[in-house]
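The values are calculated or read from the model by the stated rules, or taken from the named source; none is laboratory data. Given the structure is predicted, the values throughout are model-derived calculations rather than measurements. All Cβ positions, even for glycine, are placed from backbone atoms using ideal geometry, and neighbour counts span all protein chains on display.
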Amino acid sequence: VTSELSIPVHAEAHEPDLGRPIRAIIYGVGSMGKVMTRMMLDKGVDVVGAVARTHNVGRDLGLVAGMGRQLDVRITDDAQKLLSDRRPDIAVVAVGSYLEAMAPHFRLCLDHGVNVITLEEEAFHPWRRASELARELDALARSRGATLVASGIQDPFWTSAVSTLMACAHRITRVHGRSTYDANEYGPEVTEYLHLGVDVDVAAVRIEGAYARGEDNVAVQTSLEALAALVGLTPTEHESSGVPLVAHDDIHVPALDRIVPKGSTIGVSDRMVLHTHEGIDLEFELQGYAFGPHDCEVNEWRVEGEPNLSMRNDQFPVRLATATTTVNRLPDVIAAPPGLLTVELLPPLRYRHGHFRHPGRTR
Ligand SMILES: NC(=O)c1ccc[n+]([C@@H]2O[C@H](COP(=O)([O-])OP(=O)(O)OC[C@H]3O[C@@H](n4cnc5c(N)ncnc54)[C@H](OP(=O)(O)O)[C@@H]3O)[C@@H](O)[C@H]2O)c1
C-alpha cells in the first residue's frame, strides 16, 4: 500500500525558520512523556506546552517530569487552546497505542498545521491494519502542510538495524526476531495490555479473544510490515498468537506496587510470522513482562540464508532508547514532506550532537 503513496515533490526551498530552536509540546505526560521532556530540553528544544487528561493538570511540567525545577509550563487538558495559542512546530504524542483512539488527538494537531511525532504503535506502519483511518489522516496532514510520523524502539531495533543485518546476506529464507521488555518501566497503558497480576486462565481467554477479533499485537505487526517495506518485500498473509507468561514465584511488581502471586500472569508473549510474496518469512516474538532481579531486556535477530547472520543486544534499554530515538527524529519530521509518513520514507535515523535547530521545511 505504501507504494501507492506519492511523496509530494519539493517545489521550492523556503526555509524562513532555518536555525531557530524547535518549539514543541509534549502531549501525554506519562512515563514516556516525562523522560522525553528532559531529553528535549537537553537538546535545546523550546518546550512550550504540555497536555494531560486528569493527573497533573494544572501542575508545572518541570516538577512533574522530575526536573527538580519549574519550567513555567502549566500542564493543560485543553489541547485545542494550547495549539492555537502557542503554535508549536511539533507535538510529541505519547498517550495510547491504537490509531482509532489516537486519531482525534492527531486530527487536532494536524488541523492546526502542527507536525506530530508519536510513540503510537499502529501509526508506525498502519497501511494494512488501519488503512482507512491512515488515508484520512494522510489527506488531512497534506491539506494542512503537516507531517505525522510514528517512531519508538521499533524504528532502530526492529526495523532499520534488522534491515542492515539483512543487507549483509546474499539470499534469505527466514528472519526471526525476539525482544523482551520490562513492564515495570511503563504506565497503565502498557501494564493493562500485559494483564499483570490477572489470573492466567482469565488472561489466556482475553488474549485469545483479542487475537480472534484480529487484534494482533500492534507493535509486532507494524514492525514486521515496516521491515518488509524497508527491504522491498511484499507481505501476503500472516499467522499470529499470544500467550500469558506465568509467575514462577511470588514477585513484587513495582508497576502495580504489590506482590503478584506465583501462578498469576506477569506478562504476555506475542508472536507473528509475516509471509511475503518473495518467499521470505519474517517472524517476531515480543515478550513484555514484569522483570525479576535477574532478568534483562534482550533484542536478538537471526537471518537464515547465505550466510546465516545474527545480532543480539543485551541490557537493551528499551524505555530510554524509545525516548532517544523519538526525540532524535524531531528534525526529520519537521523537515519531511507533509502527510502520514512511515519510517522507510524518512532519512536514516542518526545521532544528533548538541542542540537541535529548526531544519526549515521544503514544501
Ligand atoms: N513505540 C514504542 O517504542 C513505545 C515504547 C513505549 C511506550 N509506547 C506507547 O506510548 C504510550 C504511552 O506510554 P506510557 O508508558 O508513557 O503511558 P502512561 O504512563 O500510561 O501515560 C499515558 C499518558 O497519556 C495521557 N492521556 C491519556 N489519555 C489522554 C487524553 N485523552 N488526552 C491527553 N492525555 C491523555 C495520560 O494522562 P493522565 O495520566 O492524566 O490520564 C498519561 O499522561 C503507550 O501507548 C505505549 O504503548 C510506545
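Observations on the structure shown:
Residue by residue, here is whether (1) crowded, with 17+ Cβ neighbours inside 10 Å; (2) closer than 28 Å to residue 339 by Cα holds:
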site: 110; (1), (2): yes, yes
site: 114; (1), (2): yes, yes
site: 130; (1), (2): yes, yes
site: 135; (1), (2): no, yes
site: 183; (1), (2): yes, no
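- Residue count for region 159-208, restricted to those that are within 15 Å of the ligand (Cβ to nearest atom) and small (Gly, Ala, Ser): 6
- Among the conditions (1) free of Cβ contacts under 8 Å to residues at least 24 places away in the same chain; (2) within 19 Å of residue 333 (Cβ to Cβ), the only one that residue 58 does not satisfy is (2).
- Exclusive hit being over 28 Å from residue 306 (Cβ atoms) and polar (S, T, N, Q), set 222, 164: 222
- Screening residue 96 with (1) at pLDDT 95 or above; (2) touching a Gly at 6+ places or on another chain (Cβ under 9 Å) gives one miss only, at (1).
- Scanning region 18-37 for residues that are in a loop (DSSP other than H, G, I, E, B) and within 16 Å of the ligand (Cβ to nearest atom) gives 28, 29, 30.
- Checked against (1) within 13 Å of the ligand (Cβ to nearest atom); (2) assigned to a strand (DSSP E or B), residue 83 passes all but condition (2).
- Yes/no for residue 244 being in contact (Cβ under 8 Å) with a residue 12 or more places away in the chain and more than 23 Å from residue 176 (Cβ to Cβ): no
- Condition check for residue 116: of a type outside the set (Lys, Arg), away from the ligand (no atom under 12 Å from the Cβ) and assigned to a helix (DSSP H, G or I): no
- Complete set of residues in region 56-77 that are over 23 Å from the mean Cα position of the chain (by Cα) and either outside any loop (DSSP other than H, G, I, E, B) or of a type in the set (A, V, I, L, M) (or both): 57, 60, 62, 63, 67, 71, 73, 74, 76
- Residue in region 38-55 that is modelled with pLDDT under 95 and either near the ligand (Cβ under 9 Å from one of its atoms) or assigned to a strand (DSSP E or B) (or both) present: yes
- In region 144-154, the condition of being in contact with a Lys or Arg (Cβ under 6 Å, 6 or more places away or on another chain) and among the polar types (S, T, N, Q) is met by at least one residue.
- The set of residues from region 294-331 being among the acidic types (Asp, Glu) and more than 16 Å from the ligand (Cβ to nearest atom) comprises 295, 300, 304, 306, 314.
- Residue in region 288-308 that is in contact with a Leu (Cβ under 6 Å, 6 or more places away or on another chain), among the acidic types (Asp, Glu) and either at pLDDT 95 or above or in a strand (DSSP E or B) (or both) present: no
- Candidate set: region 87-106, residues that are buried (at least 17 other Cβ atoms within 10 Å of the Cβ) and part of a helix (DSSP H, G or I); chosen: the one nearest to the ligand (Cβ to nearest atom): 105
- Qualifying positions in region 223-240 - exposed (fewer than 15 other Cβ atoms within 10 Å of the Cβ) and among the hydroxyl-bearing types (Ser, Thr, Tyr): 234, 236
- Hey, residue 148 touching a Leu at 6+ places or on another chain (Cβ under 8 Å), within 16 Å of the ligand (Cβ to nearest atom), at pLDDT 95 or above and over 23 Å from residue 303 (Cβ atoms) or not: yes
- Selection count, region 306-348, where residues are among the basic types (Lys, Arg) and surrounded by fewer than 16 Cβ atoms within 10 Å (Cβ to Cβ): 1
- Set 52, 130: member being in contact with a strand residue (DSSP E or B) (Cβ under 6 Å, 6 or more places away or on another chain) and among the small types (Gly, Ala, Ser): 52
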